[in-house]
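The values are calculated or read from the model by the stated rules, or taken from the named source; none is laboratory data. All values reported here derive from a predicted model rather than from experimental measurement. When we count neighbours, we look across all protein chains shown, and the Cβ atoms used for this are built from the backbone with ideal geometry, even at glycine. The protein model used for the area step is the full one, side chains on, heavy atoms only, and it has no ligands, DNA or RNA in it. Shrake-Rupley method; radii C 1.70, N 1.55, O 1.52, S 1.80 Å.
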Amino acid sequence: MLRAEHLSKTYVTTDWSGFLKRKKSKVEAVRDVSLEMRGGQIIGLLGINGAGKTTTIKMLSTLLQPTSGSIDVDGLDGVRDAIEIKKRINMIAGGERMIYWRLTARENLWYYGQLYGIDNKQLAQRIERLLGMVGLAEKQDIPVERFSKGMKQRLQIARGLINDPGYIFMDEPTLGLDAAIAKELRGYVKDLACKEGKSILLTTHYIQEVEELCEYVYVMDKGTVIAQGTPKELALLGMENKVLCVELHENHERLHRSLTEACQSAERNCSIIWDGKNMAYTITSSKDLSSTVAKVLLEQQAVFKKFYGQEPGLEDAIIKLSRRDKDGFFYEGTEGRDEKTA
């Protein structure tokens, strides 16, 4: 198990305050962060840009020494035993970094295997297995510069597994990939955790990946963890109102009046929106009005196709949490978004 307790990282910067005058200031990039990674788990680390995610990962992967706090990896100290820990961890980044384009897929894996000091015979066997696993066995002798983005990212996964790590840090592994390739890579990530028992820390701006893959999520803002829990638990934080949706088979003239009277009687400020094109109602309220709506549908003998409560969204929770001020309140306002990202 990997356990980090009360991690902090402070940088000292020098600013010019006048002619030949310098002023030193401290920037606290990470403050009092604690988290755990267990075998077979996929953990999410989320937050808006500048939240401290990258600095946290660099400390967990021994690339940065924490200013304070401790990191324990299978009983090894994150600072004192950094060299030994490097053998047990690896990182997979999104985009087209961390591989050499002029080398072939096999040459890339051989090079990184040599850096880890893996025995040549064992390394050759491992390369064959990894290339087969990511579907690059037939392309192993082609220079990487001729690979598509999806093929490069599959090679990234193979490279990240070359030392058979127990802990993998994935930094936006599907960045810039089309939907089909991204789905395929998410399948690889699931298999790494479920079938091979790898412990994975995932950072991503695609909320769909978090909801599909992550068992537990930490949300960071301004260098500290502001919330943690399962994706469903966190999603509830972003849902201030309950939303019911009813889709009818056909228009029902008497239903609208009865539904409006019943819902507004149960809660005066509830909102009822009728979509005539799709013959659907959307009912928004602070209370759960499902029993009230169901009773009206039965009384009016309305034939409906669907009747369901809208699921809370993790994206809304991330945005809401990141807007809160130092006293725990939330900033007002909304913002338009084109993609389901946070």
Give me the 1.4 Å probe accessible area per residue for the range 1-40, excluding ligands and nucleic acids, in Å².
71 Å²
Rounded to the nearest 500, the 222 nm mean residue ellipticity computed for the chain from DSSP H runs (n ≥ 4, each -39500 (n - 2.57)) alone is -10000 deg cm²/dmol
Suppose a student asked you for the relative contact order of the range 203-304, using Cα pairs under 8 Å spaced at least 6 residues apart; what percent would you report?
26 percent
Please give me the summed charge of the neighbours of Ala235: other residues whose Cβ is under 11 Å from its Cβ, Lys and Arg +1, Asp and Glu -1.
-3
Listed candidates [x] -0.54, -1.12; [y] -0.39, -1.23; [z] -0.45, -1.09 - label of the one calculated as log10 I(q)/I(0) by the Debye sum over Cα atoms at q = 0.08, 0.14 Å⁻¹:
[x]
Can you give the net charge of the other residues whose Cβ lies under 11 Å from the Cβ of Phe147, counting K and R as +1 and D and E as -1?
+3
At most 10 other Cβ within 10 Å, DSSP loop - chymotrypsin sites (Phe, Trp or Tyr not before Pro), the range 1-42
Phe19
With every protein chain in place, the chain: carbon and sulfur % of accessible area (1.4 Å):
48 percent
Only bridges whose two residues both fall in the chain count here: according to DSSP, what percent of them are antiparallel, nearest 5?
70 percent
Using the heavy atoms of the protein chains and a 1.4 angstrom probe, tell me the accessible area per residue for the range 154-215 in square angstrom.
35 Å²
Report the net charge of residues surrounding Ala302, where surrounding means a beta-carbon distance below 13 angstrom and charges are Lys +1, Arg +1, Asp -1, Glu -1.
+1
Which residue, chosen from Leu202, His249, Gln228, occupies the Cα position most advanced towards the positive end of the dipole of the range 198-265, where the dipole is computed from +1 (Lys, Arg) and -1 (Asp, Glu) charges on Cβ about the Cα centre?
Gln228
